[in-house]
Amino acid sequence: MTAIDDRRLVALTTELVSHPSLPGAEGNVAEAIKQAITQLDFDEVSIDELGNVVAIRRAESGSGTLLFDGHIDTVSPGNHDLWSGDPHTVIERDGKLIGRGVADMKGAIAAMMLGLSSVPRSELSADIVLSCSVCEEAVEGVALGTVLDHNPADIVIIAESTECELAIGQRGRGELLVETFGSAAHSSTPHLGVNSVKHMAKVISRLSEMEPPHHPRLGYGVMEVTDVKSNPYPGLSVIPEHCAATFDRRLLVGEMEDDILASLQPALDEVRAEIPELQVQVSIPRTDVTTFPGTPLIAPKFSPAWLFEEDHPAVRAALDALEKGNVGTTTRTYSFCTNGSESAGRRNIPTLGYGPGSEEQAHRVDEYVEIEQLVRAAQGYAALARGLGAGIV
Ligand SMILES: [Zn+2]
């Protein structure tokens, strides 16, 4: 088993957590990661146009490229008073680290840095790319896409939390913007206008009745309304002329933008039959974030699902590699969405998930990860670097 210095791993995780890094504001943590990587045994490290930190370690022999990805942005800690301490100062207690991003996913970044650099080059089965990517919390997959454009990979490992089990898939996530259009009038004479909010109420009610599709391994393609906004807002004695609602739709394997938009039409046609003057439109909104180097990141809010079978060569090789590294495990799936939506969902590159800690810790107050999980993950990354090369896929 690879020897990992647990105190060094704790110190590195603590350092990364000390730099707040909301999406588009990862500059300080990116620089800290780059500096730390220059002290480790990597061949190259650079920061690309979106701010992704990309490090490369070349194998002496071996074939192809194995890419490990973790995101370096976090969600906001919210109200600091609800935390046991400052969310950006790691607290160590009962074998756990507590702080914003320890589990999602700066602990995993530290574990990859130390685990991947611990393997002698003569034992690497492929060239290693370590992708520390930005803006995952704003939109999954897009920043990893840029890393993959520059560094084509044969297999991708997503380091989001799996409790050191092997994730073989996930549901995707798409946002749907539903808009109804009416016409304004004074609310004392509503018959002179068309009330877009009343129409939206019918639309939401009908869409909420839709039966979600089901996948035996990934579960239901649930759809839930997450916000509603009328215009003008606030409305003062006026019939609202425009109403917009956002739906979050969890996606199953193979469901792409056009499929989802088309799946809503029969339900909308029913509402149209009931309200002939209904004007309704559905679209997929776009994320528009300015990354810290200044490059805009614009992408549809649509991250597809993916799943590899238990007998896929990459899955079998990964399970074997982890077994050989004395960190043997079984398969599972993610319940949330990850950057694997890009590598597997859009590019069909064999992709697996492996990371420390529980996905339930993501986005929580007093988010924590066990130090034992960080060490085990670092050993797992080392084992995967020894056992996964282009030869197996
Ligand atoms: Zn995450």
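The values are calculated or read from the model by the stated rules, or taken from the named source; none is laboratory data. This structure is a prediction, so every number in the text was calculated from the model and none was measured. Neighbour counts are summed over all protein chains in view; Cβ atoms, including those assigned to glycine, are modelled from backbone coordinates with ideal geometry. To get the accessible areas, we keep the full protein, side chains included, count just its heavy atoms, and leave off ligands, DNA and RNA. Shrake-Rupley method; radii C 1.70, N 1.55, O 1.52, S 1.80 Å.
For segment 264-303, a residue qualifies if it is free of Cβ contacts under 8 Å to residues at least 12 places away in the same chain and either open to solvent by less than 40 Å² (accessible area, probe 1.4 Å) or assigned to a helix (DSSP H, G or I) (or both), and the qualifying residues are Gln265, Pro266, Asp269, Arg272, Ala273.
All told, Val178 falls short of being under 24 Å from Val45 (Cβ atoms), of a type in the set (A, V, I, L, M, F, W, C), more than 14 Å from the ligand (Cβ to nearest atom) and touching a residue at least 60 places away in the same chain (Cβ under 8 Å).
Out of curiosity, is Val156 in the same structural domain as Arg316 (by TED's automatic domain parsing) and not acidic (Asp, Glu)? Answer is yes for this residue. Within the set Gly145, Gly141, Gly99, the sole residue that is in contact with an Asp or Glu (Cβ under 9 Å, 6 or more places away or on another chain), within 29 Å of Glu360 (Cβ to Cβ), touching a residue at least 60 places away in the same chain (Cβ under 8 Å) and within 14 Å of the ligand (Cβ to nearest atom) turns out to be Gly141.
Counting only strands (runs of 3 or more DSSP E) that fall entirely inside segment 21-98 and contain at least 1 residues that are in the same structural domain as Glu140 (by TED's automatic domain parsing) and either over 17 Å from Ile109 (Cα atoms) or of a type in the set (Ser, Thr, Tyr) (or both), the qualifying elements are 44-47, 65-71, 91-93.
Quick check, is Glu367 within 16 Å of the ligand (Cβ to nearest atom), acidic (Asp, Glu) and open to solvent by less than 20 Å² (accessible area, probe 1.4 Å)?
Working: within 16 Å of the ligand (Cβ to nearest atom): yes; acidic (Asp, Glu): yes; open to solvent by less than 20 Å² (accessible area, probe 1.4 Å): yes.
Spelling it out, Glu367 is indeed within 16 Å of the ligand (Cβ to nearest atom), acidic (Asp, Glu) and open to solvent by less than 20 Å² (accessible area, probe 1.4 Å).
Does Val129 meet the test of being closer than 20 Å to Leu322 by Cα, outside any helix (DSSP H, G or I), more than 16 Å from the ligand (Cβ to nearest atom) and hydrophobic (A, V, I, L, M, F, W, C)? Against the criterion (closer than 20 Å to Leu322 by Cα, outside any helix (DSSP H, G or I), more than 16 Å from the ligand (Cβ to nearest atom) and hydrophobic (A, V, I, L, M, F, W, C)), Val129 qualifies.
Only a single criterion out of (1) open to solvent by less than 50 Å² (accessible area, probe 1.4 Å); (2) more than 16 Å from the ligand (Cβ to nearest atom); (3) within 18 Å of the chain's Cα centre (by Cα); (4) not basic (Lys, Arg) is not satisfied by Ser161, namely (2). Would you check if there is a residue in segment 136-153 being surrounded by 24 or more Cβ atoms within 10 Å (Cβ to Cβ), touching a Phe, Trp or Tyr at 6+ places or on another chain (Cβ under 7 Å), on the phi < 0 side of the Ramachandran plot and not acidic (Asp, Glu)? No: segment 136-153 contains no residue that is surrounded by 24 or more Cβ atoms within 10 Å (Cβ to Cβ), touching a Phe, Trp or Tyr at 6+ places or on another chain (Cβ under 7 Å), on the phi < 0 side of the Ramachandran plot and not acidic (Asp, Glu). For segment 186-201: of the residues being under 44 Å from the mean Cα position of the chain (by Cα) and farther than 15 Å from Lys229 by Cα, which is most open to solvent (accessible area, probe 1.4 Å)? Within segment 186-201, the match that is most open to solvent (accessible area, probe 1.4 Å) is Val194. Listed by position, the strands (runs of 3 or more DSSP E) enclosed by segment 168-259 that each have at least 1 residues that are under 30 Å from Ile155 (Cα atoms) and touching a Ser or Thr at 6+ places or on another chain (Cβ under 6 Å) are 172-181, 242-251.
Restricted to segment 112-122, and to residues that are part of a helix (DSSP H, G or I) and touching a Ser or Thr at 6+ places or on another chain (Cβ under 8 Å), which residue is farthest from the ligand (Cβ to nearest atom)?
At the first step, the residues of segment 112-122 found to be part of a helix (DSSP H, G or I) are 112-117, 121-122.
With the extra rule that they be touching a Ser or Thr at 6+ places or on another chain (Cβ under 8 Å), the set shrinks to 115, 122.
Values: Gly115: 18, Ser122: 33 Å.
Looking at the filtered set, the residue picked out is Ser122.
Here is a check on your reading of the model: is Arg217 open to solvent by 40 Å² or more (accessible area, probe 1.4 Å), of a type in the set (Lys, Arg) and within 30 Å of Arg346 (Cβ to Cβ)? So Arg217 fits the description; yes.
May I ask you to list the residues in segment 56-75 that are out of contact with any strand residue (DSSP E or B) (no Cβ under 8 Å at 6 or more places or on another chain) and modelled with pLDDT of 95 or more?
Hits for segment 56-75 are Asp73, Thr74, Val75.
If we keep just the residues of segment 307-343 that are crowded, with 24+ Cβ neighbours inside 10 Å and within 16 Å of the ligand (Cβ to nearest atom), which is nearest to Glu160 (Cα to Cα)? My answer is Thr338.
Restricting attention to segment 61-88, the residues being in contact with a helix residue (DSSP H, G or I) (Cβ under 8 Å, 6 or more places away or on another chain), open to solvent by 60 Å² or more (accessible area, probe 1.4 Å) and either of a type in the set (S, T, N, Q) or within 16 Å of the ligand (Cβ to nearest atom) (or both) number 1.
Picking from Asn28, Asn52, which residue would you name as being open to solvent by 60 Å² or more (accessible area, probe 1.4 Å) and either under 25 Å from the mean Cα position of the chain (by Cα) or aromatic (Phe, Trp, Tyr) (or both)?
Values: Asn52 fails: open to solvent by 60 Å² or more (accessible area, probe 1.4 Å).
None of the others qualify; the one that does is Asn28.
For the condition more than 21 Å from the chain's Cα centre (by Cα) and more than 18 Å from Asp149 (Cα to Cα), what is the one hit in Val327, Val289, Val315? It is Val327. The set of residues in segment 335-351 that are in contact with a Ser or Thr (Cβ under 9 Å, 6 or more places away or on another chain) and either assigned to a helix (DSSP H, G or I) or modelled with pLDDT of 95 or more (or both) comprises Thr338, Asn339, Gly340, Ser341, Glu342, Ser343, Ala344, Gly345, Arg346, Ile349, Pro350, Thr351.
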